[in-house]
Amino acid sequence: GKELDGEPTVTVRAVNSRKNQMCFDWGPGRLLVSNEPPSNKKEMCSCPFIYIIRKDVDRIDERLTGKIQKSQLVRVSKNYRSVIRACMEECTSVFAAKDPANGRQFSSQVSILSAMELIWNLCEILFIEVAPAGPLLLHLLDWVRLHVCEVDSLSADVLGSENPSKHDSFWNLVTILVLQGRLDEARQMLSKEADASPASAGICRIMGDLMRTMPILSPGNTQTLTELELKWQHWHEECERYLQDSTFATSPHLESLLKIMLGDEAALLEQKELLSNWYHFLVTRLLYSNPTVKPIDLHYYAQSSLDLFLGGESSPEPLDNILLAAFEFDIHQVIKECSIALSNWWFVAHLTDLLDHCKLLQSHNLYFGSNMREFLLLEYASGLFAHPSLWQLGVDYFDYCPELGRVSLELHIERIPLNTEQKALKVLRVCEQRQMTEQVRSICKILAMKAVRNNRLGSALSWSIRAKDAAFATLVSDRFLRDYCERGCFSDLDLIDNLGPAMMLSDRLTFLGKYREFHRMYGEKRFADAASLLLSLMTSRIAPRSFWMTLLTDALPLLEQKQVIFSAEQTYELMRCLEDLTSRRPVHGESDTEQLQDDDIETTKVEMLRLSLARNLARAIIREGSLEGS
Amino acid sequence: MVSVINTVDTSHEDMIHDAQMDYYGTRLATCSSDRSVKIFDVRNGGQILIADLRGHEGPVWQVAWAHPMYGNILASCSYDRKVIIWREENGTWEKSHEHAGHDSSVNSVCWAPHDYGLILACGSSDGAISLLTYTGEGQWEVKKINNAHTIGCNAVSWAPAVVPGSLIDQPSGQKPNYIKRFASGGCDNLIKLWKEEEDGQWKEEQKLEAHSDWVRDVAWAPSIGLPTSTIASCSQDGRVFIWTCDDASSNTWSPKLLHKFNDVVWHVSWSITANILAVSGGDNKVTLWKESVDGQWVCISDVNKGQGSVSASVTEGQQNEQ
């Protein structure tokens, strides 16, 4: 997958098999995440699908009626399906192109995707479209035609040959066209046969007429269901008559077609191979025996179709059970079976979410999430967090889980490895946007510690400021000061100079900032200000005692200036500080180690200071004495 | 369904007693009867040996990763009565501290929630539980609870950090008043809950009785913001119990039997959001459990240990670092 970046919609293509994320039960398939945004949506989001869909539906809610809502939902469902199909195509091209050895892997991947689309499509017809009797069959026919695609290649083969009607597979083609209710095409085939063998032209024409006149509900047709039923009944009886009269006795193929069109189960079952699966059998059976079947009657036909088709030779597979559950309109069962069969959460999470929007899910009180939808979304989102870049998608999903989304996000977000600063910033942004202050603090602390260990003090300081961690800021400031003592200069001046209000985070940090300010003032030759600041740092006790010697030493150049900078009063203060320091009396709160070392150098320094202070005092007194007043 | 995503060949020369992923799921620490502790980089399905730590003189029973804010720190405990804290400095792993305050095998180590600081609880066969607190500059302060469990303590597990009262920003530099708690399981068949008093002493707060044999492991579930607290325990008696307490102040814990296995159950471990419990036992299987709608615990998978697949700790990702 590609690295996802902040705002714009991004396509995440089907990822290669190495990234084992969500595995499927039915085969060695691997990670599948596919979110292709519908082209007309440019909403901001790194999780195109579910977010965009939600936006869609929310907007509609405020507007009009159920009808519009339903068509929107159907459109959304179709989008999902087109995504799955796009994935299938992508798989096909990527895998087949790359490595023929991957062939088996990719073909099972494609078959899994195909199964997913099959299920989704059926759910769309039954639960979202909620097709009533009449249109129901048309939808189911489309459904079958979409998924049993051998017809097209067969058709190409046969039609492409010199003598189509003499082709080996000619009758297979005609049969399967009939099985799929594609009677116009079947008729065209028959006319070729009629042309090629005049002997059978007559019966071909009769058959063609039968095909032409089969009553079927077409979209836009205004006849009522009752009218259709009546007409169909008549047509059915006409076919029956032809059978009784043995009209097609001379052509076993045509006779067989007639029986199919009469909905004869035995005849249909003879075509098992062409039908290839029980649900095709089901739909064909319905087409030719009960085209106005009501949705609630579907399950009866479904179960018996499955039983008849399998004929006791094999047992139903997971896919079969899922489809059966759908025909029974048992949504919860569908979701349950899918959850078991597919160890991938993407499918159930999104399907359930969509169905939830159709208000089809009764709310089960689950411990995790107030309902099944949230439960599944939580699972899906958690899974995403294990992936290096898909975690951002996971964030968005958690946002849509009202009950446990936030806390789940809090728990997961801290576990994202922060390999790069960029990633860390992304994670922090996510937390800050959601006011997850604890997580911000924790993450900043981790980064600050890492920075300290790598001696990147500036970085450590800015992380601890961001974390609002006073204790840590103190620690880092101490390091800065220690560094200064050792090397005589500051690192990361920019940062310290621009602390602003953050300076207040900790006393030590304040001192650091002010101390640096002192140096700046000195550099700008604002000696009087610098002097006052220096003194106040000691008298206000912001400066740690251990640093006083350094501060006093810093005062030296100011004391040695030609003009008098420290006033007499200030000089007395400085002297007091020096005496405090050298008296070696343990000061309340300070430990032994911070007392003045009895060192030659130290002694010399102290001497120098005393001398300087004394001289300055003298000069200051004289100067102040000779000014008017005092 | 659960599937194996990686198999790590540790090259340990003897039984592996524990395997723990670090906080981010990028590293794996394993310890064995061969006395060594090994650390692997397991990113992207790979396995690179980072460190082979020697220092124990007996089988090493458990390892525990500290929170990353303290750096890369790993604790290990062993039959040799010692607890060793290892630290990574400048890319190399070294022994940072050794705690030899127990008279018998140390069976379990568990780091406290990072909010409390760097604190390690250790349970030993001498019946005592010791608590090591890092005070800075390589120093560790030790508090010991003697006779926590008669005969021996087999497991320790910290409760998640929950700040009592509201979570307003504390004045700078001040720590919120956490009530520190942990659970321990012992050879007296009991699970005990411990609480730190204001004077810094640890007091036994509760005894949870339900097992009929040695308690082998306890695991306090991460908090998901609900007012309930949950603890899982497993025992030599083959039973796994889920203990819940509905209200922090009510202090009544009710056990629910998750399952009775046919053999000793050695470990229980929660997923990050506490919705899945991994259980491993002598029957050579690792099973994952989830609570269903009606409050029953359901097994959602079965992973056979022996067949070259890794224990649940890898597939479940980060476990109870608490």
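Values quoted throughout were computed directly from the atomic coordinates according to the rules given, and no laboratory measurement underlies them. Source: prediction; values computed, not measured. Every residue, glycine among them, receives a Cβ derived from its backbone with ideal geometry; neighbour counts consider all protein chains shown.
The figures follow:
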{"read-out": "Most fluctuating residue given options B:G25, B:G200, B:G71, as computed from a GNM of chain B linking Cα atoms under 10 Å", "value": "B:G200"}
{"read-out": "Cβ-derived FRET efficiency at R0 60 Å, A:I542 paired with B:K144, nearest 0.05", "value": "0.90"}
{"read-out": "Fully extended contour minus Cα-Cα distance, from B:K95 to B:E209, at 0.36 nm per residue", "value": "37.2 nm"}
{"read-out": "Translational D in µm²/s for the range A:302-420 (Stokes-Einstein at 4 °C, 1.567 mPa s, Kirkwood Rh from C-alpha pairs)", "value": "81"}
{"read-out": "Using θ = phi - 60° and Karplus 6.51 cos²θ - 1.76 cosθ + 1.60, couplings along the range A:508-520 (whole Hz; Gly, Pro as x)", "value": "4, 5, 4, 4, 4, x, 5, 4, 5, 4, 4, 4, 5"}
{"read-out": "Amide proton proximity set for B:S235, modelled H, under 5 Å, gap of 5+", "value": "B:R216, B:V265"}
{"read-out": "Radius 11 Å from Cβ of A:L323, net charge of other residues (Lys, Arg +1; Asp, Glu -1)", "value": "-4"}
{"read-out": "Average silhouette area of the range A:146-276, convex hull of alpha-carbon atoms, in square nanometres", "value": "8.6"}
{"read-out": "Partner chain coverage, peptide A:440-450 - average Cβ within 10 angstrom", "value": "3"}
{"read-out": "Scaled radius of gyration (Cα, divided by 2.2 N^0.38 Å) that the range B:105-160 gives", "value": "1.12"}
{"read-out": "Ellipsoid semi-axes in whole angstrom, largest first, where each is sqrt(5λ) of the Cα gyration tensor of the range A:108-211", "value": "32, 19, 7"}
{"read-out": "Longest to shortest principal axis, alpha-carbon extents of chain B, angstrom", "value": "51, 48, 41"}
{"read-out": "For the range A:251-290 versus the range A:297-340, the gap between their alpha-carbon centres in whole angstrom", "value": "20"}
{"read-out": "Cβ-Cβ FRET estimate between A:R487 and A:K525, R0 fixed at 22 Å, reported to 0.05", "value": "0.35"}
{"read-out": "Rg to Rh, two decimals, where the range A:419-520 supplies the alpha carbon set and Rh follows Kirkwood", "value": "0.99"}
{"read-out": "The range B:209-224 - phi-based ³J(HN,Hα) in whole Hz, Karplus 6.51/-1.76/1.60, Gly and Pro as x", "value": "10, 6, 7, 10, 8, 3, 7, 8, 8, 10, 9, 8, 6, x, 8, 10"}
{"read-out": "From phi via Karplus (6.51, -1.76, 1.60), per-residue ³J(HN,Hα) for the range A:462-474 in Hz, x at Gly/Pro", "value": "5, 5, 6, 5, 4, 7, 6, 9, 5, 4, 5, 4, 4"}
{"read-out": "Extension gain (nm, one decimal) between A:R615 and A:D497, 0.36 nm per residue minus Cα-Cα", "value": "39.1 nm"}
